[in-house]
Amino acid sequence: MTQTRIAPLEGVRVLELGNYIAAPTAGRMLADFGAEVIKVERPGSGDELRNWRLHKGDTSMLYRTINRNKKSVVLDLRTEAGKRAALRLAAKSDILLENFRPGTLEKWGLGPNALNEANPELIITRISAFGQTGPLSARPGFAAVAEAYGGFRNLVGDPDRPPVRVGVSIGDSIAGLYAAFGSVMSLYQRNARRRDAAGTVPLSERIIDVALNEAMFSMMESLIPDYQAYGVERQRVGGRMEGIAPSNAYFCRDGSSIVVAGNGDSIFQRYMDTIGRPDLAADPTLQSNAGRWARREELDHAIGAWTAGLDSADALAALDAAGVPAGPIFTAADISTDSQYAARNMIQRFDVSTGEEILTGVGFPGIVPVIGGQSLPIRSLGPDLGENTAEILSGLLEMDDEEINAASGREEALQP
């Protein structure tokens, strides 16, 4: 029996002009759930991400992951022919995604006014370092800068060392999430206006402006109100979370580490009993988070002494039996063989060509969120550069070979 295809965004067409991670993450999310995403790449090198963490061939696994379920079209947006083709694609699209430095699209003649003239219903989602307005809007910046500017970087790491970066481009990814949400939100508004015969949504409301620094700032919980109300400035606390205890990572006898989050009031009682410290469970000064935070060093020492005498599997089994939230710190190897990920189809395997050889059964992260009990199947990995140029430009725009060559930059390449 063939499973029914689940594609909530089927029928939606997205024109992705972005590169790197932020806008392509938004495009990936929309593509994952059925949207047709046409990714426009420059002639020759394409998206810079093709070369990031490149171990073999000409296309990285990072590119294959973030640009899955999309189609790649090569256009030279610096030429009149390329610009005309982009505007014609915009006229047939519902959403446009871009993450160029503010002013770049306008310089190319592809700014919001030109796009609106081509398609008065187009949703234009723009991602930049600091947004399209304000004194810093023209400044370039990657996620590392935005994470620092948004207050995030100051809280990552140990208090006696300079701030560190997490191991993924979290600023870009969170901005991509906001861009996808903003795009779908605007799409819903547009369709609701159609149903209610209320007219089109004005251009100003169809421009979704996502700033990397604001995306990170929005994740900072009560950082600002705590400071504004009480003068409290949060500090780096290593593996802990400020004001919450005990919650940390601990070494075990076998050399691995585990994370234990035993900071709930009732959980704390069971936690201390499990590690053989009923005296701490009964201590009246440790019955609230405030009291436990004040004595966090003492608590971590007691917990660390207990975990040091056990292998990680035994420590986790004891904590699980007591209902204390805990887990291993997984590596890529651990995730690759984990039964929970496998049960929800979160590792999906593909054969991948490097141009020199075929790598069989390479696992890629599944689609989130889950619909229907398991991760939806990935339809295709990130495409080869220009793989769909002829298909889209001839099929959708009815362009002939000469027009395709001019728009994609092949005309220059063919000249002697």
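The values are calculated or read from the model by the stated rules, or taken from the named source; none is laboratory data. Bear in mind that the values here come from a model prediction, so they are computed numbers and not experimental data. Note that each Cβ is placed from the backbone with ideal geometry, even for glycine, and that neighbours are counted across all protein chains shown. For the accessible areas, the whole protein counts, side chains as well, though only heavy atoms, and no ligand, DNA or RNA atoms are used. Shrake-Rupley method; radii C 1.70, N 1.55, O 1.52, S 1.80 Å.
Brief remarks follow.
- Each Cα pair under 8 Å and six or more residues apart adds its sequence gap; the mean of these over the residue count of the chain is a relative contact order of 18 percent.
- Computed over the range 353-416: relative contact order in percent, which uses C-alpha pairs under 8 Å that are six or more apart: 14
- The accessible surface of the range 152-294, taken with every protein chain in place and a 1.4 Å probe, is 57 percent carbon and sulfur.
- Taken as Cα centroids, the range 70-137 and the range 312-326 sit 52 Å apart, rounded to the nearest whole angstrom.
- Among S186, S60, S256, residue whose mean-square fluctuation peaks in a GNM of the chain (springs only between Cα atoms under 10 Å): S256
- Excluding ligands, DNA and RNA, the accessible surface per residue across the chain is 50 Å² with a 1.4 Å probe.
- Potential lengthening of the chain between V362 and A313 amounts to 14.8 nm, from the contour at 0.36 nm per residue minus the alpha-carbon distance.
- Where GluC sites (Glu not before Pro) in DSSP loops with at most 12 other Cβ within 10 Å are excluded, longest remaining stretch of the chain: 11-220
- Here the scattering of the range 251-341 is modelled by Debye summation over its C-alpha atoms, one equal scatterer each and no solvent; at q = 0.25 Å⁻¹ the log10 of I(q)/I(0) is -1.31.
- ³J(HN,Hα), Karplus 6.51/-1.76/1.60, whole Hz, each residue of the range 277-286, x for Gly, Pro: 10, x, 4, 6, 4, 8, 4, x, 7, 10
- Phi-based couplings in Hz for the range 129-140 (Karplus 6.51, -1.76, 1.60; Gly and Pro marked x): 5, 10, x, 8, 10, x, x, 9, 4, 7, 7, x
- Cα centroids of the range 213-231 and the range 235-265: 23 Å apart.
- Residue-by-residue Karplus 3J(HN,Hα) for the range 175-192, coefficients 6.51, -1.76, 1.60, Hz, glycine and proline x: 4, x, 4, 5, 5, 5, 4, x, 5, 5, 4, 5, 4, 4, 4, 4, 5, 5
- For the range 322-406, chymotrypsin sites (Phe, Trp or Tyr not before Pro) meeting the loop criterion (DSSP other than H, G, I, E, B) and having at most 15 other Cβ atoms within 10 Å: F330.
- Using only alpha carbons, the chain has a radius of gyration to Kirkwood radius ratio (Rg to Rh) of 1.04.
- Spin-label pair I335-M241: with each label point 7 Å from Cα along the Cα-Cβ axis, the two points sit 2.0 nm from one another.
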